[in-house]
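The values are calculated or read from the model by the stated rules, or taken from the named source; none is laboratory data. Here the structure is a predicted model, which means the values were calculated and not measured. All Cβ positions, even for glycine, are placed from backbone atoms using ideal geometry, and neighbour counts span all protein chains on display. Ligands, DNA and RNA are stripped out before the accessible areas are found, and what is left, the full protein with its side chains, is counted by its heavy atoms. Shrake-Rupley method; radii C 1.70, N 1.55, O 1.52, S 1.80 Å.
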Amino acid sequence: MSTLSERPQHAVVGLPLPHESAALHVTGEALYTDDLVARTRDVLHAWPVQAPHAHARVTVLRVAPAYDVPGVVRVLTADDVPGVNDAGVKHDEPLFPSEVMFHGHAVCWVLGETQEAARLGAAAVEVDYEPLPALVTVREAIEAGSFQGAQRHLARGDADAALASAAHVFEGELEFAGQEHFYLETHASLALVDEAGQVFVQSSTQHPSETQEIVAHVLGLASHEVTVQCLRMGGGFGGKEMQPHGYAAIAALGARLTGRPVRLRLNRTQDITMSGKRHGFHARWRAGFDADGHIVALDATLTSDGGWSLDLSEPVMARAMCHIDNAYWIPDIRVDGRIAKTNKTSQTAFRGFGGPQGMMVIEDILGRCAPMLGVDPLELRRRNFYRSDHTTPYGQPVRHAERLEACWSQVLATGDVERRRTEIARFNAAHPHVKRGLAMTPVKFGISFNLTAFNQAGALVHVYKDGSVLINHGGTEMGQGLHTKMIQVAATTLGVPMSRVRLAPTRTDKVPNTSATAASSGADLNGAAIKNACEQILERLARVAAGRLGVSVPDVRFVDGAVRGLSARDERLSWEEVVHDAYMQRVQLWAAGFYRTEGLHWDSEAMYGEPFKYFAYGVAAAEVEVDGFTGAYTLRRVDIVHDVGDSLSPLVDIGQIEGGFVQGAGWLTLEDLRWDESDGPHRGRLATQSASTYKLPSFSEMPEVFHVTLLEKAHEDGAVYGSKAVGEPPLMLAFSVREALRQAAAAFGPAGTSVQLASPATPEAVYWALDRARAGHAAARVDVDGVPADREAPVPAVQGRG
Ligand code: MTE
Ligand code: MOS
């Protein structure tokens, strides 16, 4: 066992504790970035001037009328930028654009004494636009050949040859929607300058170091002149990984120019119309199976809808391509990935980071092909699972593949799946207008950033003279419970009670050059860095204690606030005594910790290597009931077994699994981003701009029965205290809901019906699917030569995204 993963006997990690800020969250006392405004004097408020075109040139920008509005202090335009007029790292995101690239693009910003003054000022700014042709859908972009960034190819073996000799070959096309993050806290920044013009930005950012870099390059400053702090976020979900930078830069620019604090907080409509979302994808595929239903080949072309600029679209595509296999062994495979450039918001990271989009393709293939192969979908999936001697298409051994089987059989057993399936068959036979379906789907998700360099983290741990401990690390808290886990890690390593440890907010002047809190690796990376810092301190303290206890240094133990030798009967000193002695002996009581994940390598051009430290596994079973008249459905029961290694914090992890699952179910079944695709005057406008038109999961969509279990005996060697990442993987367990809906819809048709289901599978989409099944649609039957369904049976136009 590695020392990193080894867990001491009296560990604070592993205890089921509430989130460290739970009480503050529910009482409303927790401070978020925008709460600081009320505590800050002389704050100016920023408001954007948003363009009413999907694509247009700005021909004239008249800001003078804004200054006639009482309370307007300053209008910020491109002319004010002392450094680089760019909000991103790819230099394709002008902060103040001269060409509007999407409907709602901010062309300039107005600062006012009040938000109302800024709003009225923005309304007074006069902009002349020369409208340009706009590409709004991914299909339009494909037809126009409008792509951006690198196009990647991932291949193993000879997919064409394998397809040519496969017993069954199917092909199809699939287009599926993106997703709005809908974090409760919208993007927010508060920027201040000190007497030397140095900038301090409070920002709701998952990536403070990059926010710092962008603010610095916009202002023409060096990084050491800019400090970014993030107290916590009211949800990030990937939406605050890359997108906060521009807003922080606007606030910082305003603060530099006026000398006053500037607050920028988007209201919901601004946030939803300006910030990027999950990438919707288009996929075209050919899949081959042998006579026993084993997948023998896959050939797929993935096209993501990147929106107007690259942002994180390239790594999102890489992760999609690395997850198209999900949990299945596909011997011969070719995947092409490309990023469409459209006149939409710049699509970005969203929980799963392309993984869900990749997996969607294979899960859709299996769901559609199972009836055509005449194999039960449960059996088809299980039969194709990876085994431990397999490697992924990009060359990574699938370590612990047996955990797929372990999760699967545990869900089968504890979810009483076989009995319920018999019951469902009986129910369906007796109910012509209501049908039920039960589906199981697995998840295998790679943990680490694909780009090896990002897999590093730092921490700063202070032990004060009184024995109290203050920890700082590079990760940000967005509700996922990272800080809770980090306090547990520090308490475990130092052998002190949790009450001795406090955590200070994330800031770039404490721990520099951090990676985004993303890729679910926050706890892995920062936990290991904190552990490293704590161990440095312990090493020094052990020397102090050994002297007093008369034992040798390696025999000193730190347990629950006491320091003693190996035998529990030996003399004990209190933690505080040892700390005090150390101080008096002039021993350094604080340390900077560092961690880099070992054993990773990735060739992003060849799409080959071992980019992931390990895989997280999980299995879900979902049962739904669908109404044949309306397509309305309920989620009756969900059973999940998920692998989090040895959990650092089981309550937090179960919350992550529940939340991730429901967020995935929202993406796949409810949340329906609608853009104006017409040629009318509002072309490119997001039609679903608020919670009234964009349906999020709420209590009423929670499964009636919801069982989440952590896989036992799941120690992960080489990760901090044997744990595994949990933030993103459970989202993809929600494919079980989509597949259950597909099966319920199929039950309206004759046996062996293959159902195409639009995504999101809204009640309307489910209705069209079951209606086609009910009509015994010819294309839904098995074809002798296995030729597919899709070509002859386009999804009804009304759904738009079959
Ligand atoms: N959970 C909550 N409550 N809020 C969030 O914003 N973000 C998710 C996940 N869980 C998120 C969340 C995403 S996208 C990621 S990458 C991880 O948390 C990031 O945190 P971690 O690395 O500490 O798991
Ligand atoms: Mo998460 S999408 O990696 O922020």
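Among the conditions (1) surrounded by 23 or more Cβ atoms within 10 Å (Cβ to Cβ); (2) within 16 Å of Pro8 (Cα to Cα), the only one that Thr508 does not satisfy is (2). The conditions are (1) without any contact (Cβ under 8 Å) to a residue 60 or more places away in the chain; (2) of a type outside the set (S, T, N, Q); (3) within 16 Å of ligand 1 (Cβ to nearest atom), and Tyr328 fails exactly one of them. Which is it? Here Tyr328 meets the rest and fails (3). Determine whether Val782 is among the aliphatic types (A, V, I, L, M), at pLDDT below 95, in a loop (DSSP other than H, G, I, E, B) and touching a helix residue (DSSP H, G or I) at 6+ places or on another chain (Cβ under 8 Å). Here the answer is yes, as Val782 does meet what is asked. Of the residues Ala562, Ala592, the single one that is open to solvent by less than 30 Å² (accessible area, probe 1.4 Å) and of a type in the set (A, V, I, L, M, F, W, C) is Ala562.
Screening Leu192 against (1) out of contact with any Pro (no Cβ under 7 Å at 6 or more places or on another chain); (2) open to solvent by 20 Å² or more (accessible area, probe 1.4 Å); (3) away from ligand 1 (no atom under 16 Å from the Cβ); (4) not in a helix (DSSP H, G or I) leaves a single unmet condition, (1). Looking at Ala592, Ala582, just one residue is assigned to a helix (DSSP H, G or I) and among the small types (Gly, Ala, Ser), and that residue is Ala582. In a residue-by-residue description of region 622-638, the property of being within 26 Å of Ala320 (Cα to Cα) and open to solvent by less than 10 Å² (accessible area, probe 1.4 Å) applies to at least one position. Could we say that Ala582 is surrounded by 20 or more Cβ atoms within 10 Å (Cβ to Cβ), within 43 Å of the chain's Cα centre (by Cα) and either away from ligand 1 (no atom under 16 Å from the Cβ) or at pLDDT 95 or above (or both) here? Taking the combined requirement at face value, the residue does not satisfy it.
A residue that is without any contact (Cβ under 8 Å) to a residue 12 or more places away in the chain, within 24 Å of Ile333 (Cα to Cα) and open to solvent by 10 Å² or more (accessible area, probe 1.4 Å) occurs nowhere in region 428-439. Being open to solvent by less than 20 Å² (accessible area, probe 1.4 Å) and under 27 Å from Gly71 (Cα atoms) is the requirement here; does Gly306 meet it? Answer is no for this residue. Annotation: of all residues in region 462-479 being more than 14 Å from ligand 1 (Cβ to nearest atom) and within 19 Å of Ser515 (Cβ to Cβ), the one that is surrounded by the most Cβ atoms within 10 Å (Cβ to Cβ) is Ile471. Checking each residue in region 235-287 for being surrounded by fewer than 24 Cβ atoms within 10 Å (Cβ to Cβ), more than 25 Å from Pro52 (Cβ to Cβ), away from ligand 1 (no atom under 16 Å from the Cβ) and of a type outside the set (A, V, I, L, M, F, W, C) picks out Arg256, Thr258, Gly259, Arg260, Pro261, His282, Arg284, Arg286.
Of everything in region 347-390 that is small (Gly, Ala, Ser) and in a helix (DSSP H, G or I), the residue that is farthest from ligand 1 (Cβ to nearest atom) is Ala370. Hey, could you check region 309-342 for residues that are open to solvent by 10 Å² or more (accessible area, probe 1.4 Å) and assigned to a loop (DSSP other than H, G, I, E, B) and say which is nearest to ligand 2 (Cβ to nearest atom)? If we take residues in region 309-342 being open to solvent by 10 Å² or more (accessible area, probe 1.4 Å) and assigned to a loop (DSSP other than H, G, I, E, B), then Leu312 is nearest to ligand 2 (Cβ to nearest atom). Set side by side, the residues Ser692, Ser700, Ser754 differ, and just one is free of Cβ contacts under 8 Å to residues at least 24 places away in the same chain, away from ligand 1 (no atom under 16 Å from the Cβ) and assigned to a loop (DSSP other than H, G, I, E, B), which is Ser692.
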